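The block underneath contains the structure these notes are about, expressed in structure tokens.
The values are calculated or read from the model by the stated rules, or taken from the named source; none is laboratory data. Bear in mind that the values here come from a model prediction, so they are computed numbers and not experimental data. Backbone-built Cβ (ideal geometry, glycine too); neighbour counts: all protein chains shown.
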Amino acid sequence: MKILNTKQIREADAYTIANEPVSSLDLMERASAAFVRWFCDQFVNTRPISIFCGKGNNGGDGLAIARLLSEKAYQVKVYIVEHSENASDDFKANLTRLENHLKPAQIRNDKDFPDITENMVLIDAMLGSGLSKPVSGILAEVIQKLNQTPNKIISVDIASGLYADKSNAKEDIIIKPHCTVSFQFPKLAFMMPQNAELVGNWHVADIGLSAEFISNTSTPYFYTDKFEAESKIIPRKKFSHKGTFGHGLILAGSHGKMGAAILSGRACLRSGIGLLSMHVPGCGYEIMQISIPEAMITVDRDHKHLSELPDIESYSAIGIGPGIGKEKMTVKMLETLLRQIKAKLVIDADALNLLSENPELIELLPKQTVLTPHPKEFQRLAGESKNEYHRLELARDFAKKHDVIICLKGANTSVILSNGEVHFNSTGNAGMATGGTGDVLTGIITALLAQGYEPKDATILGVYQHGLAGDKAADKKGQSAMITSDLVDNLGW
């Protein structure tokens, strides 16, 4: 699914209006009806509703929503925030339509703010995605009062005060909704951790914008949903054998951190690889043989750490990093790997930290190497960022400069390609915020690379499967009770 910016969304509206053809007022009606369908699935009509409208097209949506809900026997009150003397044409038209059903109240100052009852649902339709400056005046006062209530707030298209495509200042006044219903596309703002409480849970409502326009419009931003992930799967043929699905190598573990090796190895095996070898320090030999009997084990001459590289000629993909530590001998081993490798490569965890501490090694990275940092690891690689938008630009610059793929882990994990594309993930949950889940991801991506997936597809699909396993685990265990092994146990479609 594409993520378009506000300018492109306006162009999509205009193209649809001109070419369907449909009037702008009828397109607003279509959007409002889509919101109402979602809303009626969530809230019964015994709960009172208060809708707060601005005087632009977002407010026009709110007026249309009020009328449609009123027709469905919902108890609706409407408040127009008088922040401007001007109103959009579609707002005026919907105000005329609404007045046949109910009469809105005006909010001109804080004395006009209504009483909010405990079970009332609040709908925010004050400001839309075209916002270009911070909220002030009576709008700011209303937003602050709404944020102080314990009631559920639902934002229409985007929370009032939130920029769709750029970072807000910390002092900006913004609605904090429980849910946002976005029209046709998610917004880039929804993907940023800094905006978590300014978006809430979000849902995309299809309003029938031109499929032709959307298809022909370029964007660097995408959202990986189930349809997109499944389209990347390479079907297995009937007469396949273990050699068909590649031979991977994972270099992992050190004294006290053999669990990381186990988790990455088990995840790799659960992700379809034909053959898996693991190179571990001497202390891990028996542990690995017992824990992962399906894997072949090679043992380093050093008992506690990785110090040497095994023969790597026969491998189709290699993963390195989980639990390897940062010993000098391990740095040397990593350098040897980067100089010799011909296979596809995944670098994670301690191996990423070794790159940041030895930046000359970054220049040795093979093209299309997959790097899987969490935010702190990425900061050590690329420097500090002002906010998540800036961090994303740093990641795009880094990926382009070094011709690598960056998997920036977190909620809506972003896969940044060397062409500047960013693919945000749709699966996963907060139960995955526990030690070892990154090791699992390393194993998954290594397995997909070994099977012949292109690095970009292996990373996008691997991240999706990783999050999907987390979602399945959460359904069974609950987020608080999840451990990383639960992800491995729930891998698969």
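Checked against (1) in contact (Cβ under 8 Å) with a residue 24 or more places away in the chain; (2) out of contact with any Cys (no Cβ under 7 Å at 6 or more places or on another chain); (3) surrounded by fewer than 22 Cβ atoms within 10 Å (Cβ to Cβ); (4) not hydroxyl-bearing (Ser, Thr, Tyr), Leu188 passes all but a single condition, namely (3).
Among (1) in contact with a Ser or Thr (Cβ under 9 Å, 6 or more places away or on another chain); (2) of a type in the set (S, T, N, Q); (3) in contact (Cβ under 8 Å) with a residue 40 or more places away in the chain; (4) surrounded by 23 or more Cβ atoms within 10 Å (Cβ to Cβ), there is one condition Ser160 misses while meeting the rest; what is its number? With respect to (1) in contact with a Ser or Thr (Cβ under 9 Å, 6 or more places away or on another chain); (2) of a type in the set (S, T, N, Q); (3) in contact (Cβ under 8 Å) with a residue 40 or more places away in the chain; (4) surrounded by 23 or more Cβ atoms within 10 Å (Cβ to Cβ), Ser160 is out only on (1).
Just one of Lys166, Lys145 is free of Cβ contacts under 8 Å to residues at least 40 places away in the same chain and either among the small types (Gly, Ala, Ser) or touching a Phe, Trp or Tyr at 6+ places or on another chain (Cβ under 8 Å) (or both); which is it?
Numbers: Lys166 fails: free of Cβ contacts under 8 Å to residues at least 40 places away in the same chain.
Within the list Lys166, Lys145, the selection yields Lys145.
Across the range 1-41, the qualifying residues are those that are surrounded by fewer than 20 Cβ atoms within 10 Å (Cβ to Cβ) and in a loop (DSSP other than H, G, I, E, B), and the one among them that is nearest to the chain's Cα centre (by Cα) is Met1. In this structure, is Gly452 touching a residue at least 60 places away in the same chain (Cβ under 8 Å) and under 29 Å from Ser218 (Cβ atoms)? So Gly452 fits the description; yes. Does the range 118-135 contain at least one residue that is among the basic types (Lys, Arg), closer than 21 Å to Val181 by Cα and under 30 Å from the mean Cα position of the chain (by Cα)? For the range 118-135, residues among the basic types (Lys, Arg), closer than 21 Å to Val181 by Cα and under 30 Å from the mean Cα position of the chain (by Cα): absent.
The rows are residues; the columns are (1) farther than 24 Å from Leu162 by Cα; (2) in contact with a Ser or Thr (Cβ under 9 Å, 6 or more places away or on another chain); (3) in the same structural domain as Ile347 (by TED's automatic domain parsing); (4) of a type in the set (Ser, Thr, Tyr).
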site: Pro366; (1), (2), (3), (4): yes, no, yes, no
site: His374; (1), (2), (3), (4): yes, no, yes, no
site: Glu377; (1), (2), (3), (4): yes, yes, yes, no
site: Ala382; (1), (2), (3), (4): yes, yes, yes, no
site: Arg391; (1), (2), (3), (4): no, yes, yes, no
site: Ile405; (1), (2), (3), (4): yes, yes, yes, no
site: Ser414; (1), (2), (3), (4): no, no, yes, yes
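Restricting to the range 392-421, give me the number of residues that are in contact (Cβ under 8 Å) with a residue 24 or more places away in the chain and of a type outside the set (Gly, Ala, Ser). Of the residues in the range 392-421, 16 are in contact (Cβ under 8 Å) with a residue 24 or more places away in the chain and of a type outside the set (Gly, Ala, Ser).
If Ala159 meets every condition in (1) under 17 Å from Phe35 (Cβ atoms); (2) in a loop (DSSP other than H, G, I, E, B); (3) out of contact with any Pro (no Cβ under 6 Å at 6 or more places or on another chain); (4) aliphatic (A, V, I, L, M) apart from one, which number is that one? The failed condition is (3). Cβ-Cβ contacts under 8 Å between residues 6 or more apart (or on different chains), taken from a first residue in the range 230-259 that is of a type in the set (Phe, Trp, Tyr) to a second residue that is part of a helix (DSSP H, G or I), are listed as Phe245/Ala450. Does Ser314 qualify as being farther than 20 Å from Glu454 by Cβ, in contact (Cβ under 8 Å) with a residue 60 or more places away in the chain and surrounded by fewer than 14 Cβ atoms within 10 Å (Cβ to Cβ)? Yes; evaluated as a whole, the condition is true for this residue. Note on the range 290-311: residues that are of a type in the set (Ser, Thr, Tyr) and in contact (Cβ under 8 Å) with a residue 24 or more places away in the chain amount to 2.
So that you can scan it fast, the table gives a plain yes or no per residue for (1) in contact with a Leu (Cβ under 7 Å, 6 or more places away or on another chain); (2) closer than 25 Å to Lys367 by Cβ; (3) surrounded by 16 or more Cβ atoms within 10 Å (Cβ to Cβ); (4) not acidic (Asp, Glu):
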site	(1), (2), (3), (4)
Arg270	yes, no, yes, yes
Ile273	no, yes, yes, yes
Cys283	no, no, yes, yes
Glu294	yes, no, no, no
Arg301	no, no, no, yes
His305	no, no, yes, yes
Ile324	yes, yes, yes, yes
Glu327	no, no, yes, no
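A count restricted to the range 401-424 and to residues that are buried (at least 21 other Cβ atoms within 10 Å of the Cβ) and small (Gly, Ala, Ser) stands at 1.
For the range 425-442, the count of residues that are assigned by TED's automatic domain parsing to the domain that holds Ala260, surrounded by 24 or more Cβ atoms within 10 Å (Cβ to Cβ) and of a type in the set (D, E, K, R) is at least one.
Is it the case, given these coordinates, that Pro235 is more than 27 Å from Ser24 (Cα to Cα), surrounded by fewer than 18 Cβ atoms within 10 Å (Cβ to Cβ) and within 22 Å of the chain's Cα centre (by Cα)? Judged against the criteria, Pro235 is not a match.
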